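Following: one structure in structure tokens, then a few remarks.
The values are calculated or read from the model by the stated rules, or taken from the named source; none is laboratory data. Just so you know, these numbers come straight off a predicted model, no measurement behind them. As a convention, Cβ positions derive from the backbone with ideal geometry for all residues, glycine included, and neighbour counts pool all protein chains shown.
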Amino acid sequence: MSGAWIVVVLVGVVTALFKAAGPVFIGGRRLPPRVQSAVELLAPVMLTALVVTQTFGGNGEVTVDARVPGVAAGAIAVVFRVHVVLAMALAAAVTAVVRVVV
């Protein structure tokens, strides 16, 4: 097995252990309110970080290309409470149009 596959397997095992740790250690108990509010913020923050790095990141430097207007269009659609699937389609369409035009 190559080194890359060993890393993939190890990351998979560690991920499974992390996912299992919550139910095992906490059980049926409720989290304290401060901890619960922090946990509720993790998913949106991680999603935002992923979107930003995938939109602007490239080869260790900030890249501004057709993805930026697409993400902006999707964000505006979400602000106006458009269904998320439609917002994604709008973002993809804007990105495609910008790539064709530019």
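Within region 81-102, which residues are loosely packed, with under 12 Cβ neighbours inside 10 Å and among the charged types (D, E, K, R)? Listed by number, the list holds a single entry, 81. Taking the criterion of being without any contact (Cβ under 8 Å) to a residue 60 or more places away in the chain and closer than 28 Å to residue 22 by Cβ, would at least one residue in region 69-80 satisfy it? Checking region 69-80: not a single residue is without any contact (Cβ under 8 Å) to a residue 60 or more places away in the chain and closer than 28 Å to residue 22 by Cβ. Go through region 1-27 and report how many residues are exposed (fewer than 10 other Cβ atoms within 10 Å of the Cβ), over 17 Å from residue 39 (Cα atoms) and of a type outside the set (A, V, I, L, M, F, W, C). Counting residues in region 1-27 that are exposed (fewer than 10 other Cβ atoms within 10 Å of the Cβ), over 17 Å from residue 39 (Cα atoms) and of a type outside the set (A, V, I, L, M, F, W, C) gives 2. Here the condition is being assigned to a helix (DSSP H, G or I) and at pLDDT below 95; of 47, 86, 90, it holds for 47 alone.
Evaluation of residue 72 against the conditions (1) assigned to a helix (DSSP H, G or I); (2) in contact with a helix residue (DSSP H, G or I) (Cβ under 9 Å, 6 or more places away or on another chain); (3) exposed (fewer than 13 other Cβ atoms within 10 Å of the Cβ) shows that the sole unmet condition is (3).
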